[in-house]
Each structure stands twice: as structure tokens, then as C-alpha cells.
Amino acid sequence: MKRISILFLLCLGILGTAVAQREETVFGRSGLRLSGAWGGSSLQLSAFDGDYALLSGGHGGLEFNKSIFLGWGGYNLVDEVRFADLPTQNLDFSFNGPILGVSLKPHRIIHPRVSLMAGSGEARFRGEPGRDRLFVIQPSGGVAVNVFRWFHLAVEVGYRFVDGTELSGLEDRDLSAAFGQLRFQFGWSWGGNRVDIDF
């Protein structure tokens, strides 16, 4: 858990550094200004015990300064997953939590995007009593495409870190894995000051 907490703080620090170009205050003239609202769905391809599996998810939230997304999202395991040591048991796995996303040069048709999601999850074997409460953190990065003003598409890669697995026969590393995902976003940006973020 300590390792995951340090990683979480490190990711927040990196995102915070990217956002802080000049001194701004939350409620001052140069602070965060609401500029849009977005929601949508995600398809995530990841690996469990060497086999690829699909997770589906959804998200929604608010956009600030054209560059910062604050929202909530969640994912559920869609495919059947069985582990070599537990060949008769199907895994149910889901998680949700807050999302912080930062778009770099969002006015461009294709632009970089980084995000961080962290929250709680649960895992259980289908048909078995009991379930694990988990902590999940997944940083990701990729590119977003402004297809229409009301529809954006993002392709991202990242890594899912899971802590707290106590199901018999499973460890944290069995649920932690790299992933690739396709994110569909629907919404509208109506105003606010754009802040182009450069490293």
C-alpha cells in the first residue's frame, strides 16, 4: 500500500507541475474557469495471467480552462477471466474513482493528453461468497482527436496498479497490468480561458 501511495502522489505531482505555469488562485481572475462538460465511454484492453481481456467503462465530468478535466469514471471486466492456478473460477473485477485529465494544446486537431484515475474497486470469483476491496490507480497518456466540436476520440496507453488483493490464489500483480484504451467523449466546450500547457 505504501508503494501505491507514493506512486499516486508522484503522478499528482507531475500533473500539478504541468498545470502550474504561473501563479493562479482558484477563485481569482486567473483561476479555474468552467469551460465545458464531457461524458462518454471507454474500451480498455488489458491482460490477466497472459490472456487479453476487455474492460468497458464510462466517465463524466467538467472541463476547466479548456485544458483540465475533473470527473468520475468506472470500469467493469467484460470477458471471462480464469487463472491457470484456478481454472474453474471466473473473475469479476470492477473499479471506479475520480479522474484528473490534462490536455496539451487542446485547440489543435490532434493533441497529447495525460490522465490519472484512482479509486476503489472489488474483485470476487463468480458464484463464490466474499469479495476483495481494492485500491486502484491507473495513470495513462496518449493522443486525443477533435473529430467534431461535440465529439473527441482518444487513444491511450497506461498501467493499472492494484493493491489489497486477498482472494485465495491471487496477488496484486495478477490484477495489475498494462493496458491500451479507446475513449469516446461527447460534450461541449462553451468558453473560459484556454491555458496552453507546456512542459
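The values are calculated or read from the model by the stated rules, or taken from the named source; none is laboratory data. The model shown is predicted, which means the values in this text are computed figures rather than measured ones. Neighbour counts are summed over all protein chains in view; Cβ atoms, including those assigned to glycine, are modelled from backbone coordinates with ideal geometry.
Within the stretch 131-155, being within 17 Å of TRP188 (Cα to Cα) and in a loop (DSSP other than H, G, I, E, B) holds for ARG149, TRP150. Put simply, of LEU7, LEU54 the only residue that is at pLDDT 55 or above and closer than 17 Å to PHE95 by Cα is LEU54. Is it the case that some residue within the stretch 127-142 is in contact with a His (Cβ under 7 Å, 6 or more places away or on another chain) and either of a type in the set (Phe, Trp, Tyr) or modelled with pLDDT under 95 (or both)? Checked against the condition, which is being in contact with a His (Cβ under 7 Å, 6 or more places away or on another chain) and either of a type in the set (Phe, Trp, Tyr) or modelled with pLDDT under 95 (or both), the stretch 127-142 yields no hits at all.
In the stretch 106-115 there is no residue matching the filter, namely being of a type in the set (D, E, K, R), within 25 Å of GLY169 (Cβ to Cβ) and not in a loop (DSSP other than H, G, I, E, B).
Looking across the stretch 83-105, the residues that are part of a strand (DSSP E or B) and farther than 16 Å from THR165 by Cβ come down to ASN96, GLY97, PRO98, ILE99, LEU100, GLY101, VAL102, SER103. Of the residues in the stretch 56-70, not one is farther than 19 Å from ASN146 by Cα, part of a strand (DSSP E or B), in contact (Cβ under 8 Å) with a residue 12 or more places away in the chain and acidic (Asp, Glu). Just wondering, is there one or more residues in the stretch 121-130 that are assigned to a loop (DSSP other than H, G, I, E, B) and either small (Gly, Ala, Ser) or closer than 20 Å to LEU70 by Cβ (or both)? Yes. Selection within the stretch 30-86: residues that are of a type in the set (Gly, Ala, Ser) and touching a Pro at 6+ places or on another chain (Cβ under 9 Å). The member of this set that is surrounded by the fewest Cβ atoms within 10 Å (Cβ to Cβ) is GLY71.
The condition (being surrounded by 20 or more Cβ atoms within 10 Å (Cβ to Cβ), of a type in the set (Gly, Ala, Ser) and closer than 30 Å to GLU80 by Cα) is satisfied by just one residue among SER115, SER120: SER115. Quick check on GLU80: is it acidic (Asp, Glu), closer than 20 Å to GLY164 by Cβ and either touching a helix residue (DSSP H, G or I) at 6+ places or on another chain (Cβ under 9 Å) or at pLDDT below 95 (or both)? The answer is no for GLU80. Checked against the criterion of being of a type in the set (A, V, I, L, M), modelled with pLDDT under 55, loosely packed, with under 12 Cβ neighbours inside 10 Å and not in a strand (DSSP E or B), the stretch 16-23 has at least one qualifying residue.
Looking at PHE161, is it among the aromatic types (Phe, Trp, Tyr), buried (at least 20 other Cβ atoms within 10 Å of the Cβ) and at pLDDT 95 or above? The answer is yes for PHE161. Can you work out which of the residues in the stretch 120-139 that are within 18 Å of the chain's Cα centre (by Cα) and not hydrophobic (A, V, I, L, M, F, W, C) is nearest to SER176 (Cα to Cα)? Among those that are within 18 Å of the chain's Cα centre (by Cα) and not hydrophobic (A, V, I, L, M, F, W, C), it is GLN138.
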